[in-house]
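First comes the structure, then the notes that go with it.
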Amino acid sequence: MSILGNRVLRREDPKFLTVGGTYVADLDMPGALHLTFVRSSMAHATITSVDTSMATAMPGVVAAYTHDDLQLANLPTIMGMTNEAMTERILASGTVRYVGEPIVAIVAQSREIAADALERVVVEYEPLTVVIDPVEARKDEALLFPEAGTNTSFALDFGGDAALFDECEVVVEQTLANQRVAPCPLEVRSAAGHMTEDGRLEFGSSTQAPHAVRDTLATFLGLEPDMVHVVTPDVGGGFGAKASVYQEDIIVGWCVHHLGRPVRWTETRSESMLGLGHGRAQIQHVKLGGTREGIVTAYRIEVLQDSGAYTGFGTVLPFMTRVMTPGPYKIAKAECMSISVVTNSTPTTAYRGAGRPEATAAIERMIDIFSREIGMDPAEVRRRNLIGKDEFPFTTPVETIYDCGDYVLALDVALEMAGYDELRAEQQRRRASGDARQLGIGLSSYVEITNGLPGGEFGAVEVQSDGKVIVRTGTSPHGQGHVTAWSMLVAEQMGIAIDDIEVIHGDTDIVPRGGGTMGSRSLQIGGAAVNQAAVDLVEKAKDLAADLFEADRKDIVLDKSNGRFHVVGTPAIARSWGELAAVALANDGTALFAEVDLESVGPTFPFGTHLSVVEVDTETGKVTLLRHIAVDDAGRILNPLLAEGQVHGGIAQGVAQALLEEMIYDADGNPLTSTLADYSFISAAELPSFETRFTETPTPINALGAKGIGESGTIGSAPALHNAVCDAVAHLGVRHIDMPTTPMRVWSAIQEARADNVAESERG
Amino acid sequence: MQIAMTVNGNTQSHDVEARTLLVYYLRDAVGLTGTNVGCDTTSCGACTVLLNGQSVKSCTVLAAQVAGEQVMTIEGLADANGTMGPVQQSFQDCHGLQCGYCTPGMVMAITSLLVENSDPTEEDIRIGLEGNLCRCTGYHNIVESALAASRIPEMRS
Amino acid sequence: MIPAPFDYLRADSLEEAIGLLVEHGDDAKLLAGGHSLLPLMKLRLAQPAVLIDIGHIDELSYVRDDDGDVAIGALTRHHDIATSAVARISAPVLAHVAGQIGDPQVRHRGTIGGSIAHGDPASDLPAVALAMGGTLVVQGPNGRREIDANDFFLSFFEVALAPDELLIEIRVPHAPNSQWGFEKLTKRAQDWAIVGAVAVRTAAGVGVGLVNMGPVPLRSNAVESAVAAGATAAQAAELAAEGTEPSADFNGSVAYRQHVARVLVRRALEKAGV
């Protein structure tokens, strides 16, 4: 009986449900100093003076540091690809470029004293011209970095075939806003550290990438990596935004090292809204061409990516957008080019989907606009263009090779689950009766890339003499349930009870190397590495057993029902894993273990179709999500409970972007949505329960047949909701409404369409 | 100022500042770190505890305001043997948590909700959780957990 | 997140509270449920030197029938009003509105007195007090006085309370089985209203209040007059924007808010039987 594919409950849960997790802010650090930051209240200004004297004069304030006190380099460029002049300073130096940019680091004896000290630092500014709109920034008139001579931080210069649409019968064009959003993990950023007696820096951070934290701290502090020990406690969500190392993490480490005292830092939510990287922020000029019969033959997306004030991971995300340009469709010609520009706002970073939701959002909206233009049902248009299941591996016009999939099946299942024809009939009834509450139906067929970045993963399995197993993984779960999932894999290979398996992650002494958890990579590369280590360990154990039993290697059997080895035909004479481990130790002092550095064979491509049903109150513009159907395919599902949870969470974030959330700045670069009261973080009251199903098309790319699932829900859901809202009011003459489809936006679109209709009928 | 209150059935007495929020009192003075801080605008509910049996956001209560009163945190819900209560058990059974950060607040909020409404509809629960934000689960399994808990006989008496 | 330091004083009786207010004057703010004041203090938008905690004055927490009115103690929590049998029978719109303020946790702490004395035009309860023709009872060192709700909300976050006075009771006319409508447009359930409208049929006619349509909680006299003159809900609601000065922000332009006010007032009037 295989445990794989079962809804195994999480081993992680009892602790969280009884005493709560241990997050960085929960670490017991008696006597630790508290770090906090004075942050810029100006979007773009020269700092003319910083006076910390009143703060440092307060009892309990230990120090106040500015950029020059730290003598630390800037944060690095992004993978060497971005404009070197635009790297983020460790603390603002001379110029501030976004509201929230840290200027002074204050160290104090308590959280309260630190908060009071903040108010006593006086920073004086000379304002500079603020550039908030990427379209303005692109003009290179007001420059954020005069020495760079441009606001362009990164560009992808592909394509540009002027004749791309020449042969298309029908061409539709639209400018789309994929708006800036805030990732908002429930746990804000937090870090803490102390020095050990032998001069090592012990450090904990709320991160998705402990080894990157270790290596970055080592580099910045001039230490050997083995002089830095990172232990990642529980992390309260990351969603990509905690995959990079922030200047605050580095400054905590510097303070610990410089002061030789324990130091801890936990930002406030208001700080986090401005200091944690933002997501998305693309303006897209999109053009799609095809035949009157609904075949799409050409597609171009030009991306203007908002980097924010400095280069961050967001700067290069158009690269990932481009990788997924044509989505799940067979389009003869497709292009994507991009320019990333700096603006006076928080730097952008990876956020659940990281470049791929933007690609899907663009093409899915255009498919609907194209459908309406040719008067064809949008489900049918999708059906006619989806890559067929026998056409894999499939190379797209942007050279991405999709592994496998049955895209049409996912579409069919979604339509069936939704009762598509009945929904369209209900929609017709309401349109005919002029009901104030209109129904909208929106589809999104997507494919996305997981494990898309280079890099393998480390996995190790060791058996102890008492039969218990220790697994070490280079992944860094923060809610994904790897302890349960990796235990399942090991239990399956070794025939050991799940409760006898310990999974260790996040400790850079115990786990020597690792890529962390992001990009939906963990199962297919991290789980696969652990799985391979378990497979290798079974082989080693069989070698040992063969020696022990003085039998032929090929006659050794592992009985997985009880985790014991015997010679074929004599099951009564058996040795347990623990006994073999003891033998290994006795033989030559080595433990019974296996270690794997699994190399990535390549990315995989989960896919699916989502369908949203919305009701629009045409009198107020308010949108209510009635139903959301999600059919997703991530290859072979290891634990459906965990996979569903990932889809649910992803759907909520995608729906949130389409319906509600936006990080808004005014023209002076002041953030208007910098608390959870102003920023419309979606709640349970705005969402229904979801209707989800998996199809399973195992990938040939890895031994588990598994693709990633962590970001699919977000990628698939936002365009479905977006299309549904636009669909609900399309009959009133509305062509497009940008996300988020807030009540005012929807109502305004209806008004404009009505005004256009009146004008037209008056002319006609 | 010295204040005392009952936390999870035990009397606690500590010296605090007037401005000490209940959430920090519980975390720092009493040492119960299960209750979390997730925002600074009374929006997220991660800090939810029970005050005299009713859910409150402990970030918007001064410790001084509740001197002499009864507070229960997530740590107080399991019985003396550490056996989880029905809401907690339902969360485990229904995969109602991922990163766990919102979880103590959710469990306490649902506990209070079920005391006030022992037979809630799904809509009752969703609206009842309007003050508790989660980023990981999409709320689907949290709602399942609450409904499952509401069907446990001892919750209905 | 951390308020500026202050002195904390607890008043165990109304007399004590007034005495402390007199003593500390402008340096002091009253702390009832704390869900209007503490959020401001945590962001350091308010930094009172002294907080007078009146949250334990049990004698000011009640809902009762009293001489043709429903009398509610200022320190009654929103949850207790929402679940009060007296309120649900005799002032049902008030019970309903109290039951959807913020979220359950906020309702367990926030008080009607705190909400009304705060004078926030975006709060729901002031609009209900106006629509019902309510009366605010205040007490100070010079004794007790009653203020008509129409005269209570002076300007932005400013109410007709002297610095040494406490709001002690809110009275609304007894309106058993009255028809009423309350409509609120929000993006999320826990949000403040983008626009809200309440309509209540009382013995005096139909009262209409507006949430977040100006610097103060508003009563819609134009709509009320139209209804009294026999207009339909749709006709009367056309006047809903008269006398309003809504702000523009990213949730709504002035034109949008005025339009929504017309829609919500119409819907509220329909539910109130107009």
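Throughout, read-outs are computed from the coordinates displayed, never taken from laboratory work. In this text, all values refer to a predicted model and were calculated from it rather than measured experimentally. Every residue, glycine as well, gets a Cβ built from its backbone with ideal geometry; the counts of neighbours run over all protein chains shown.
Using the Kyte-Doolittle scale, which helices in chain A average at least -1.0 and also have C-alpha atoms spread 18 Å or more along the helix axis, with helices defined as whole DSSP H runs?
Passing helices, by number: A:356-374, A:528-549, A:640-659, A:712-728, A:743-763.
Excluding A:GLY160 itself, what net charge comes from residues whose Cβ is under 11 Å from its Cβ, given Lys and Arg +1 and Asp and Glu -1?
Once positives and negatives cancel, what remains is -3.
Note down the magnitude of the dipole of region C:1-151 about its Cα centre, charges +1 on Lys and Arg C-beta and -1 on Asp and Glu C-beta and zero elsewhere, to the nearest 20 debye.
580 debye
Other chains near B:141-153: what is the mean number of their Cβ atoms within 10 Å of each residue's Cβ?
For peptide B:141-153, the averaged partner shielding equals 1.
For region A:399-465, which GluC sites (Glu not before Pro) are in a loop by DSSP, counting at most 15 other Cβ atoms within 10 Å?
Those that pass, being in a loop and sparsely packed, are A:GLU399.
Stick to the Cα atoms of region A:392-435, pair each with every other, and give me the Kirkwood hydrodynamic radius in Å at one decimal.
13.2 Å
Hey, with R₀ at 22 Å, roughly what FRET efficiency would A:GLU391 and A:GLU167 work out to, going by the Cβ-Cβ distance, to 0.05?
So the FRET efficiency works out to roughly 0.45.
If exposed chymotrypsin sites (Phe, Trp or Tyr not before Pro) are those in a DSSP loop with at most 15 other Cβ within 10 Å, what is the longest stretch of chain C that has none?
C:1-155
Using a cut-off of 10 Å between beta-carbons, work out the net charge of the residues near C:LEU9 (Lys and Arg +1, Asp and Glu -1, C:LEU9 not included).
Residues near C:LEU9 contribute -3 overall.
Using only the alpha carbons of region A:626-724, determine the length spanned along each of the three principal axes and report them from longest to shortest in whole angstroms.
Computed over region A:626-724, the largest-to-smallest principal extents equal 53, 29, 23 Å.
Provide, for q = 0.21, 0.32 Å⁻¹, the log10 of I(q)/I(0) from a solvent-free Debye sum over equal Cα point scatterers in region A:358-401.
With one equal scatterer per Cα and no solvent, log10 I(q)/I(0) is -0.82, -1.05.
Show that you can apply the helix-only estimate: for chain A, add -39,500 (n - 2.57) for every DSSP H stretch of four or more residues, divide by all residues, and state [θ] at 222 nm to the nearest 500.
Here the helix-only value at 222 nm equals -9000 deg cm²/dmol.
Pick out, from A:VAL228, A:ALA45, A:GLY308, the residue whose Cα sits farthest towards the positive end of the charge dipole of chain A, with +1 on the Cβ of Lys and Arg and -1 on the Cβ of Asp and Glu.
The one lying farthest along the dipole's positive direction is A:GLY308.
Along each of the three principal axes of the Cα atoms of region A:457-598, give the extent in whole Å, ordering the values from largest to smallest.
Projected onto its principal axes, the Cα set of region A:457-598 covers 47, 29, 23 Å.
I want the local charge near C:ASP69. Using Cβ-Cβ distances under 11 Å, sum +1 for each Lys or Arg and -1 for each Asp or Glu among the other residues.
-3
Using a 10 Å cut-off on Cβ to Cβ distances, tally the other chain neighbours for every residue of A:620-627 and report the average as a whole number.
So the per-residue partner count for this stretch is 3.
Of the listed pairs A:LYS287/A:LYS330; C:LYS29/C:LYS187; A:LYS287/A:LYS333; A:LYS330/A:LYS389; C:LYS184/C:LYS271; A:LYS540/A:LYS560, which have alpha-carbon separations greater than 21 Å here?
C:LYS29/C:LYS187
For B:52-64, what's the mean count of beta carbons from other chains sitting within 10 Å of each residue's beta carbon?
What the average comes to for B:52-64 is 6.
Which FRET efficiency value, to the nearest 0.05, is calculated for B:ASP93 and B:ASN52 with the Förster distance at 22 angstrom and r the Cβ-Cβ distance?
So the FRET efficiency works out to roughly 0.15.
Going by the alpha-carbon gyration tensor, a ≥ b ≥ c the square roots of its eigenvalues, is chain A rounded (a/c under 1.5) or, if a/c is not under 1.5, prolate (a/b greater than b/c) versus oblate?
Verdict is oblate for chain A.
Could you give the angle, 0 to 90 degrees to the nearest 10, between helix C:254-271's Cα long axis and the longest principal axis of the Cα atoms of chain C?
Once rounded, the angle reads 80 degrees.
Tell me the mean residue ellipticity at 222 nm calculated for chain C from its helices only (DSSP H runs of n ≥ 4, each -39500 (n - 2.57), averaged over every residue, nearest 500).
Per the formula, -8500 deg cm²/dmol.
Measure of size requested: the Rg and Dmax of chain C, with Cα atoms as the atom set and Å as the unit; please supply both.
Cα-based Rg and Dmax for chain C come out at 18.2, 57 Å.
Ranked by Cβ crowding within 10 angstrom, fewest neighbours first, how are A:HIS505, A:HIS731 ordered?
Ordered from fewest to most neighbouring Cβ atoms within 10 Å, A:HIS505, A:HIS731 come out as A:HIS731, A:HIS505.
Size of the dipole of chain B about the Cα centre, Lys and Arg at +1 and Asp and Glu at -1 on the beta carbon, nothing else charged, in debye to 20?
That gives a dipole near 200 debye.
With the contact rule set at Cα under 8 Å and sequence spacing of 6 or more, what percent relative contact order holds for region A:31-128?
This gives 53 percent for region A:31-128.
Across region A:180-245, what fraction of all alpha-carbon pairs, as a whole percent, falls in each successive 10 Å bin from zero upward?
22, 48, 23, 6, 0
If you line up the long axis of helix B:103-116 against the longest principal axis of chain B, both from Cα atoms, how many degrees apart are they, to the nearest 10?
80 degrees
Taking the mean number of other Cβ atoms within 10 Å as a proxy for protection, how do you rank C:66-73, A:356-363 from highest to lowest?
A:356-363, C:66-73
Using modelled amide H (1.01 Å from N, peptide plane; none on Pro or chain starts), what sits under 5 Å from the amide H of B:LEU62, excluding residues fewer than 5 places away?
Distant-sequence amide H within range of B:LEU62: B:LEU22.
List the cysteines of the protein assembly as shown that have no other Cys Cβ closer than 4.7 Å: which are they?
A:CYS168, A:CYS184, A:CYS255, A:CYS336, A:CYS404, A:CYS726, B:CYS94, B:CYS99, B:CYS136
Hey, any idea what the orientation-averaged projected area of the convex hull of region C:182-271's Cα atoms comes to, in nm²?
Result: 5.5 nm².
Suppose every Lys and Arg Cβ carries +1 and every Asp and Glu Cβ carries -1, with no other charges. What dipole size does chain A come out with about its Cα centre, to the nearest 20 debye?
Value, rounded to 20: 1000 debye.
Per 5 Å bin from zero, what fraction in whole % of the C-alpha pairs of region B:86-156 is there, up to the bin with the longest pair?
Percent of pairs per bin, in order: 3, 19, 35, 28, 11, 3, 0.
With springs only between Cα atoms under 10 Å, which of C:LEU125, C:LEU185, C:LEU75 fluctuates most in a Gaussian network model of chain C?
Of the options given, C:LEU185 has the highest mean-square fluctuation.
Counting other Cβ atoms within 10 Å of each Cβ, which trypsin sites (Lys or Arg not before Pro) in region A:1-97 have at most 12 and sit in a DSSP loop?
In loop regions of region A:1-97 (DSSP not H, G, I, E or B), the sparsely surrounded trypsin sites (Lys or Arg not before Pro) are A:ARG7.
Against the longest alpha carbon principal axis of chain C, how many degrees, from 0 to 90 and to the nearest 10, is the axis of helix C:14-24 turned?
70 degrees
Can you tell me the FRET efficiency between B:ARG151 and B:MET1 if r is taken as the Cβ-Cβ distance and R0 is 41 Å, rounded to the nearest 0.05?
Calculated transfer efficiency: 0.35.
Could you name the lysines in cross-link range of A:LYS15, using Cα to Cα under 24 Å and dropping any fewer than eight places away on the same chain?
Cross-link targets: A:LYS242, A:LYS468, B:LYS57.
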